[in-house]
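Quick notes on the structure that follows.
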Amino acid sequence: MRSNTRVITGCITALILVILAIPVTALNVTYQIADDGTGYHAVAAVNATDRYEFMQSGALGEQVPLKVTNITLLENGVNKTYTEERGGIRFASGNYSITFDGAISGNTFQSQLPEPGSVSIILPEHYKVDNPLLTSIQPGGSRVNKSMNQTVVTWDKTRYFDIRFYDANQENLLGIFTQFWLIIAVMLLLPFLFSRGRQG
C-alpha cells in the first residue's frame, strides 16, 4: 500500500515538474492607428519565443507575408539583433517587445498572429465602429471601449482580426445615399398609390 502511494506521489510530482518546465507563451499586441488612417504603429509583447511572424490572409484565406517597416526588437528596453526571414524575424529565445509600422488601405486592417493572443486596436477620436452598415469587426467577441478621445477594440484571445472603420465623411455619404434611395422609392410607389386611389 505504501509502495503504491509513493508511486502515485512520485508521478504527481513529476507531472508538476514537467508542467512547470514547459515555457509559458503569451502574446499581447497593440496597434495604434495613425490620425490619417493610412498606417499604424504596433507593439507586440512576446514571451519564451525565438520568432515572430508578420502575416495576413490572402485572397483564398491562405497566409501571406504582411509588409511592415521600422522593426525594433527590445529586451528590457535594450535593442537586440534579429535575423529577417520571409514573413518574420528570428532571434535568441526570450521575452521581448517588438515594434513595427505598417500601412492601411481603405480604412480596412487585418492580420494573422503567430499564436492566440490579446489584441488591441486604438482608433483616433474621429474614427468610429458604431454603424454596422459602415464597419466590420471580426472575429466576434471583441470589446469596444471609448475613452480619452479614442476608441479601443480588444480581443482577449484570437489568431486573427479584421476591422473596417469609418469617419464623419463616410457617415455623411451614407446618409445622402440613403436619402437618395428613399426619394427613388417614393417616386416609384406614387403611381401605384394613385392608381389604387382611382380604383377606390
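Structure above, values below:
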| read-out | value |
| --- | --- |
| Criterion violated by Tyr160 - all others in (1) at pLDDT below 95; (2) hydroxyl-bearing (Ser, Thr, Tyr); (3) open to solvent by less than 60 Å² (accessible area, probe 1.4 Å) satisfied | (3) |
| Selected residue (only one of Asn149, Asn145, Asn172 is modelled with pLDDT under 85, surrounded by fewer than 15 Cβ atoms within 10 Å (Cβ to Cβ) and under 30 Å from Gln32 (Cα atoms)) | Asn172 |
| Strands (runs of 3 or more DSSP E) fully within the range 25-76 counting 2 or more residues that are of a type in the set (Ser, Thr, Tyr) | 27-33, 39-53, 68-75 |
| Residue among Asn70, Asn76 that is modelled with pLDDT of 95 or more and at positive phi | Asn70 |
| Verdict on Ser57 being modelled with pLDDT under 95 and within 14 Å of the chain's Cα centre (by Cα) | yes |
| Residue count for the range 106-150, restricted to those that are of a type in the set (S, T, N, Q), free of Cβ contacts under 8 Å to residues at least 24 places away in the same chain and not in a loop (DSSP other than H, G, I, E, B) | 2 |
| Scope the range 60-76; condition touching a strand residue (DSSP E or B) at 6+ places or on another chain (Cβ under 9 Å) and under 24 Å from Gly39 (Cα atoms); matching residues | Gln63, Val64, Pro65, Leu66, Lys67, Val68, Thr69, Asn70, Ile71, Thr72, Leu73, Leu74 |
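Residues are listed down the side, and each one gets a yes or a no for (1) in contact with a helix residue (DSSP H, G or I) (Cβ under 6 Å, 6 or more places away or on another chain); (2) surrounded by 11 or more Cβ atoms within 10 Å (Cβ to Cβ); (3) β-branched (Val, Ile, Thr); (4) under 18 Å from Tyr31 (Cα atoms):
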| site | (1), (2), (3), (4) |
| --- | --- |
| Leu66 | no, yes, no, yes |
| Ile71 | no, yes, yes, yes |
| Thr99 | no, yes, yes, yes |
| Thr108 | no, yes, yes, yes |
| Asp130 | no, yes, no, no |
| Ile137 | no, yes, yes, yes |
| Asp156 | no, yes, no, yes |
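The values are calculated or read from the model by the stated rules, or taken from the named source; none is laboratory data. Keep in mind that this is a model prediction, so the values were computed, not measured. We place every Cβ from the backbone using ideal geometry, glycine too, and count neighbours over all the protein chains shown. When the accessible area is computed, the model is the full protein with side chains, heavy atoms only, and any ligands, DNA or RNA have been set aside. Shrake-Rupley method; radii C 1.70, N 1.55, O 1.52, S 1.80 Å.
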